[in-house]
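Structure, as structure tokens:
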Amino acid sequence: MAKIGFISLGCPKNLVDSEVMIGLLQARGHILTADPSDADILIVNTCCFIEDSRKESIETILAAAQLKTSGSCKKLIVTGCLAERYASEIRSDLVEVDAILGTNQIEEIARAVDGIPVPPPNSYGRSDADLYLYDDKTPRTLIGPGYTAYIKIAEGCDHTCSFCIIPKIRGPIRSRTISSLVHEATQLADRGVKEITLVSQDTTSYGQDLGIQDGLAKLLKALNSIEGLRWIRFLYAYPNGISKKLIDVVNSNGKICKYIDMPLQHVSASVLKAMRRGGTKASLAQTIRRIKKGIPGVTLRTTMIVGFPGETREDFLELKKFCKEMEFDRLGVFAYSDEDDTAAFALQPKVPARTAEKRRRALMEQLAAIARRKNQELIGKEFTVLVEGPSEESELLLQGRL
């Protein structure tokens, strides 16, 4: 039995992996501690999607390594995307790391903690273990608020976006069964979870590998009948996967949040082609109009990448105009990160980082004005909110969200 300190970085999908690993360790009798300096064994579940996340992962590993001399830590284990992508570099440059587990070696965590040697990923993008996918029978410990939880409905991705490394790290898409997901969601509801958020690299492709047509729509309809759940939402919808059936299910089932998170990345024809995203500005606009018409009152969130190789000033102005016309409720804008082993890495000309950041700020400032107006329109209206607890601004206030 050991005290385990767990540090989870990156996206909600990575958080689910962390919760599964913690569940597997607690099932073996190990104890979780929130104080890293008090841990016998430290585990860092890493991210490496873009440069900033890679730096954060490395800095966190180095900080954890210091606790091997200043704290009670006797063993340091690195898991996740950085471990999968840079296993050999971690092994040679970070000698304080005692074990390296790739994204498909999650169930090996107990062996690594017990001191049994686990071979690191044997090649970039593929681990010694078979491609991994947890299910409803897998132990899992929620480490976030007890009222909300993520459920990973699939792993991997079949898209070939030129800027993205995830398919190489996580492998091709593999979906869980509807029955497994309904069972896990029911278990979570029985434990007091009120909101579940479905995540995967591309939720709208859910079930295609299993031969299920409109898989996400069928899954949402099945989850809507679970007693105890109040809200169901899904993240990361690919534009061409937004079907009429999916729109109808979101609009007609009361527990499903009228919230669509649909990363578009860009609208310029030349940039979309270079990104290997498919679609056109016209088709993307048509999809947005279909969503707004089919789901009255829908909240739309998207993400855009600026500074992509070859993006001209005209391309950016076209994107900025599109965002102003569409009036997204939420918008995340990222300056392009040049990642080796992606097709975009070889593309020219590169956009200077300073220019990309300037474009990012301009797009966010435009969105801020739109968001301010939309927020002001809410004043005087009444909504059901999920109360999260005392406000971060003042203990005299409660904070919640729509």
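The values are calculated or read from the model by the stated rules, or taken from the named source; none is laboratory data. What you are looking at is a predicted structure, and each value in this text was computed from that prediction instead of being measured. Quick reminder, even Gly has a Cβ in these numbers, built from the backbone with ideal geometry, and neighbours come from all protein chains shown. We work out accessible area using only protein heavy atoms, side chains counted, and drop any ligands, DNA or RNA first. Shrake-Rupley method; radii C 1.70, N 1.55, O 1.52, S 1.80 Å.
Which of the residues that make up region 85-96 are under 15 Å from ILE43 (Cβ atoms) and either open to solvent by 30 Å² or more (accessible area, probe 1.4 Å) or under 26 Å from the mean Cα position of the chain (by Cα) (or both)? Full working, then the answer.
Of region 85-96, the ones under 15 Å from ILE43 (Cβ atoms) are 90, 94, 96.
ILE90, GLU96 - these are the residues of region 85-96 that are under 15 Å from ILE43 (Cβ atoms) and either open to solvent by 30 Å² or more (accessible area, probe 1.4 Å) or under 26 Å from the mean Cα position of the chain (by Cα) (or both).
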message: Of all residues being open to solvent by less than 80 Å² (accessible area, probe 1.4 Å) and in contact with a Leu (Cβ under 8 Å, 6 or more places away or on another chain) in region 107-120, which is modelled with the lowest pLDDT? Just the residue, please.
response: PRO120
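Taking the stated definitions as given, is GLY278 outside any helix (DSSP H, G or I) and within 22 Å of the chain's Cα centre (by Cα)?
Numbers: outside any helix (DSSP H, G or I): yes; within 22 Å of the chain's Cα centre (by Cα): yes.
For GLY278, the condition - outside any helix (DSSP H, G or I) and within 22 Å of the chain's Cα centre (by Cα) - is met.
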field: Residues satisfying the stated conditions in region 381-402, i.e. among the hydroxyl-bearing types (Ser, Thr, Tyr) and exposed (fewer than 10 other Cβ atoms within 10 Å of the Cβ)
entry: THR384, SER394
message: What are the pairs with Cβ atoms under 7 angstrom where one residue, in region 189-203, is without any contact (Cβ under 8 Å) to a residue 40 or more places away in the chain and the other, located anywhere, is assigned to a loop (DSSP other than H, G, I, E, B)? Sequence gap at least six, or different chains.
response: ASP190/GLY228
- prompt: Within region 5-30, how many residues turn out to be open to solvent by less than 30 Å² (accessible area, probe 1.4 Å), assigned to a strand (DSSP E or B) and closer than 20 Å to ILE169 by Cβ?
  reply: 0
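Listed here are the residues, each with its yes/no results for (1) under 27 Å from HIS30 (Cα atoms); (2) crowded, with 20+ Cβ neighbours inside 10 Å; (3) not aromatic (Phe, Trp, Tyr).
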position	(1), (2), (3)
PRO139	yes, no, yes
ILE143	yes, no, yes
SER179	no, no, yes
ASP190	yes, no, yes
LEU216	no, yes, yes
- prompt: Considering only region 264-311, how many residues are open to solvent by 60 Å² or more (accessible area, probe 1.4 Å) and either under 15 Å from ALA356 (Cβ atoms) or hydroxyl-bearing (Ser, Thr, Tyr) (or both)?
  reply: 2
query: Got at least one residue in region 239-257 being in contact (Cβ under 8 Å) with a residue 60 or more places away in the chain and either closer than 29 Å to ASN14 by Cα or surrounded by fewer than 18 Cβ atoms within 10 Å (Cβ to Cβ) (or both)?
result: no
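Does ILE212 satisfy the criteria of being in contact with a strand residue (DSSP E or B) (Cβ under 9 Å, 6 or more places away or on another chain) and open to solvent by 30 Å² or more (accessible area, probe 1.4 Å)?
Values: in contact with a strand residue (DSSP E or B) (Cβ under 9 Å, 6 or more places away or on another chain): yes; open to solvent by 30 Å² or more (accessible area, probe 1.4 Å): yes.
The answer is yes for ILE212.
What are the residues in region 240-275 that are of a type in the set (Asp, Glu) and either under 22 Å from the mean Cα position of the chain (by Cα) or not in a helix (DSSP H, G or I) (or both), if any? So that I can check it myself, show each step before the final result.
Initially, region 240-275 is screened for residues of a type in the set (Asp, Glu), giving 248, 261.
Answer for region 240-275, where residues must be of a type in the set (Asp, Glu) and either under 22 Å from the mean Cα position of the chain (by Cα) or not in a helix (DSSP H, G or I) (or both): just ASP261.
Which residues, taken from region 339-374, are of a type in the set (Asp, Glu) and at pLDDT 95 or above? Break it down stepwise before answering.
Just the residues of region 339-374 that are of a type in the set (Asp, Glu), to begin with: 339-341, 357, 365.
Residues satisfying the conditions are GLU357, GLU365.
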